[in-house]
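Colleague: One structure, pasted below without further comment.
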Ligand code: HEC
Ligand code: HEC
């Protein structure tokens, strides 16, 4: 079930600003939530009156270190370690070439922040309860393993983990553990990366370049290449990950789509930012993300095979073919409103003239 709206109450400067955003078709469902402090969530909860509304965000993540040292506890902890230091286990610089599954030296945690436990930092919390699910990108129902391999092949620019590998079992066990107590079909408030208001103009990469220089380059470098922990070949990953270039995610990754990327940046960057107290304006987040996505990065072959049901292609997919008449530039930069309107019309025409199709799924 999808609700048509989400409500966020920011209390950054003691004055609550109310932001009411329209839910995008195909976007992430976010339940109505009320967060009323720029302080860390724990502090806000401590200060909240006993009669706080039942919809107030509760965010509790089970503690991996409290698990016993049995086979299950060990596997879950391996999943955590793989998430935090992917490069040291299955990266391109590890000693055993058979383990070179990831094609870059990122970690899952570089995007799934806080080892997959951060609210609106693309958390793994609740994800176990949402699979298998229909996937528009593949045009079929896919498993959690398929989804993990989607990130292996795109975000990590590598190859799929074998389904019977210990590493795959460990990722699934860890994601299951983080989803403890979340019922199948339940929605997890704080999943995804948020839903900032859309722009009515195209995002402006030139302005984004200025924002990048002022707000991002201190960590990610003016050249976007980040900062390694140590020398090339040490399989020790990054202190600050690259945001473009040969060791970054490829052009088929979710982080390379403007709506996904801008929400991630707005809720989480500069690193340490929490979604309830964003550092960037929404406009700056759109522009800076458009800038970094416009820089060179590895190319994934056969992207034209993604989203075989073309009407289910997300408006911000940066690669064709498109059937809505809008060009690649508008799909990359927006504005997305006119594209969404056109797709709505095409869907209505189709359902008027043809038998109903499957429910469109998440991208
Ligand atoms: C460059 C950033 C990046 C990296 C690195 C990355 N991912 Fe992802 N991942 C994403 C994005 C973006 C999504 C889409 C989230 C959404 O649909 O809102 C995603 C989605 C997922 C999902 C589904 C989450 C959900 O809410 O349905 C899983 C599971 C996942 N990734 C696992 C992994 C694993 C395991 C790794 C490491 C092997 C990894 N990812 C590395 C960016 C990344
Ligand atoms: C204080 C240092 C710092 C600043 C400033 C900063 N970042 Fe990051 N960024 C990080 C770190 C560290 C990570 C990885 C987080 C982790 O592994 O826990 C990250 C992750 C990312 C990622 C996902 C991983 C990847 O490599 O693609 C993107 C995209 C990103 N940052 C964009 C930005 C943008 C855009 C800005 C400016 C608005 C920015 N960052 C400012 C430190 C920073």
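Colleague: Which count do you get for residues in region 96-112 that are in contact (Cβ under 8 Å) with a residue 24 or more places away in the chain and more than 10 Å from ligand 1 (Cβ to nearest atom)?
Modeller: Total satisfying the criteria: 3.
Colleague: Here is a list: 270, 246, 296. Which entry is out of contact with any strand residue (DSSP E or B) (no Cβ under 9 Å at 6 or more places or on another chain), away from ligand 1 (no atom under 16 Å from the Cβ), part of a loop (DSSP other than H, G, I, E, B) and not assigned by TED's automatic domain parsing to the domain that holds residue 93? Walk me through how you get there before you give the answer.
Modeller: Numbers: 246 fails: away from ligand 1 (no atom under 16 Å from the Cβ); 296 fails: away from ligand 1 (no atom under 16 Å from the Cβ).
Residue meeting the stated conditions: 270.
Colleague: Looking at (1) within 12 Å of ligand 2 (Cβ to nearest atom); (2) in contact with a helix residue (DSSP H, G or I) (Cβ under 9 Å, 6 or more places away or on another chain), can you tell me which one residue 272 breaks?
Modeller: So residue 272 meets the others, but not (2).
Colleague: Can you tell me which of 205, 242 is crowded, with 16+ Cβ neighbours inside 10 Å and within 11 Å of ligand 2 (Cβ to nearest atom)?
Modeller: That would be 242, the only listed residue that is crowded, with 16+ Cβ neighbours inside 10 Å and within 11 Å of ligand 2 (Cβ to nearest atom).
Colleague: Out of 265, 274, I need the residue that is under 24 Å from residue 206 (Cβ atoms) and crowded, with 18+ Cβ neighbours inside 10 Å. Which one? Let's see the steps before the verdict.
Modeller: On the way: 274 fails: under 24 Å from residue 206 (Cβ atoms).
It is 265.
Colleague: Quick check on residue 202: is it away from ligand 1 (no atom under 13 Å from the Cβ) and closer than 27 Å to residue 340 by Cα? Show your work before the answer.
Modeller: Working: away from ligand 1 (no atom under 13 Å from the Cβ): yes; closer than 27 Å to residue 340 by Cα: yes.
Yes; evaluated as a whole, the condition is true for this residue.
Colleague: Every residue in region 212-222 that is part of a loop (DSSP other than H, G, I, E, B) and either within 16 Å of ligand 1 (Cβ to nearest atom) or under 9 Å from residue 242 (Cα atoms) (or both), please.
Modeller: Across region 212-222, the qualifying residues are 216, 221.
Colleague: Okay, next question. Looking at (1) touching a residue at least 60 places away in the same chain (Cβ under 8 Å); (2) surrounded by 18 or more Cβ atoms within 10 Å (Cβ to Cβ); (3) closer than 20 Å to residue 155 by Cα, can you tell me which one residue 297 breaks?
Modeller: (1)
Colleague: Listed residues 339, 323, 343; which is away from ligand 2 (no atom under 12 Å from the Cβ) and buried (at least 22 other Cβ atoms within 10 Å of the Cβ)?
Modeller: Details: 339 fails: buried (at least 22 other Cβ atoms within 10 Å of the Cβ); 323 fails: buried (at least 22 other Cβ atoms within 10 Å of the Cβ).
The unique qualifying residue is 343.
The values are calculated or read from the model by the stated rules, or taken from the named source; none is laboratory data. This structure is a prediction, so every number in the text was calculated from the model and none was measured. FYI the Cβ positions are ideal-geometry reconstructions off the backbone, even for glycines, and counts take in every protein chain you see.
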